[in-house]
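Inspection log for the structure reproduced underneath, given as structure tokens.
The values are calculated or read from the model by the stated rules, or taken from the named source; none is laboratory data. These numbers were taken from a predicted model, which means no experiment stands behind them. Reconstructed Cβ throughout: ideal geometry from the backbone, glycine too, with neighbour counts over all protein chains shown.
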Amino acid sequence: MDIDDLKRAWQSQNMRIDKLEEQNKQLKERLLDKSLKSNRAKLLSTYRWLLLIGLLMVPFTIVSFSHLELSPIAVWTMVAYFLLMSVANVYVYYLIYDIDMTNHSVCDNLQRVINLQLKRHRIRIGSCILGIVIISIFFYYISQDDPSLVIGGIIGGIVGGLIGLRKEREIKAMISSMKKDLEDALSE
Amino acid sequence: MQLFETILSQYGPMVSKVCYMYGTDEDQRKDLYQECMANVWQGLRSFRGDSKLSTWLYRACINTCITAYRRNAVRATVPLDSAPPIAADDNSRSDDLKEMYRLISQLSPVERALIMMWLDEKSYDEISDVTGMPRNTVASRLRRIKAKLVDLANN
């Protein structure tokens, strides 16, 4: 098959118009009733919720932990953690918002997506490490009467950590592939 | 809404072809088509008319497909027997179509984008506009991709 055959084959394609019309009809309905959203829109919505939850955790932490009579250091460390995570979520939200599939070129879009995925990956790792430290402090205070809580916490941490590590490895592999695509695109 | 309906009716087949190039099964292609159109729907507000509508749509679809392609970790080439169920105008071309998809699926995501636009007779300037690559780079990359395809076809 030579290039001319390829071109003829490409141009001879005849999409099943009847199937497409039915698909388009359903698509229009779903877009109008907002039941269909792009992945970007869903991600923006997720981060809006994460931001709200993070901010709500600040007063919740202060109020609930004062009942437990925890050390002020533990309480304010947790508050600082939730505030830091809220700032991180705002940052990621704007990175996602900045992605425009319709107006950015392919190379530009790839670069932004790589940047977004890399930042999300690093923030997740950082938040997990910080979270482990914070939870350890928390468990130290509440487990003084009941050490079984520590054991439960450690088991939960190990299982969660293993699942998280596997997921992060997949994400790293995806980022590497995207970087390779971009290098490939930008090379002469 | 009127513009979107025009896009669906006139450019739906073009968007479908792009999605067929990046999806490996019918469900994935449908998902890609929906994702492309959802991005187009959202992006219509910012369509300034600086470029042709077909060029703008190509950019939206290729960006959507390349992003989804890596996220779905699709690595395998399209098996011959699962080539997309689209008809050729002429039945004798059906095998050519399958062969075409088999060859193009062995290219990288960006190479597929380049060759697709070339096959659709887009100018080098339009391809450069969509991809963000300099015009000369587009020309030299296309030369290499065509040579690669001929090589793959002969092997």
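List of remarks:
- Pairs linking a residue in the range B:89-116 that is under 17 Å from B:LYS148 (Cα atoms) to a residue that is at pLDDT below 75 and among the polar types (S, T, N, Q), with Cβ atoms under 6 Å and 6 or more positions apart or on different chains, are B:SER105/B:THR77; B:GLN106/B:THR77.
- Lone unmet requirement of (1) exposed (fewer than 13 other Cβ atoms within 10 Å of the Cβ); (2) over 17 Å from A:GLY131 (Cα atoms); (3) not aromatic (Phe, Trp, Tyr) for A:ASN39: (1)
- Test for B:SER108: is it out of contact with any helix residue (DSSP H, G or I) (no Cβ under 8 Å at 6 or more places or on another chain), of a type in the set (Ser, Thr, Tyr) and at pLDDT 80 or above: no
- B:ARG75 being among the charged types (D, E, K, R) and modelled with pLDDT of 50 or more: no
- Criterion (surrounded by fewer than 13 Cβ atoms within 10 Å (Cβ to Cβ) and at positive phi) met by exactly one of A:GLU69, A:GLU22, A:GLU29: A:GLU69
- Restricting the range B:102-154 to residues that are within 8 Å of another protein chain (Cβ to nearest Cβ) and among the acidic types (Asp, Glu), the residue that is farthest from A:SER12 (Cα to Cα): B:ASP129
- First in the range A:39-64 and under 15 Å from A:ILE99 (Cα atoms), second anywhere and part of a helix (DSSP H, G or I) and among the charged types (D, E, K, R), Cβ under 7 Å, 6 or more apart: A:ASN39/B:GLU35
- The residues of the range B:6-57 include none that are surrounded by 15 or more Cβ atoms within 10 Å (Cβ to Cβ) and on the phi > 0 side of the Ramachandran plot.
- Taking the range A:137-188 as the range and being of a type in the set (S, T, N, Q) and either within 12 Å of chain B (Cβ to nearest Cβ) or surrounded by fewer than 14 Cβ atoms within 10 Å (Cβ to Cβ) (or both) as the test, the residues that pass are A:GLN144, A:SER148, A:SER176, A:SER177, A:SER187.
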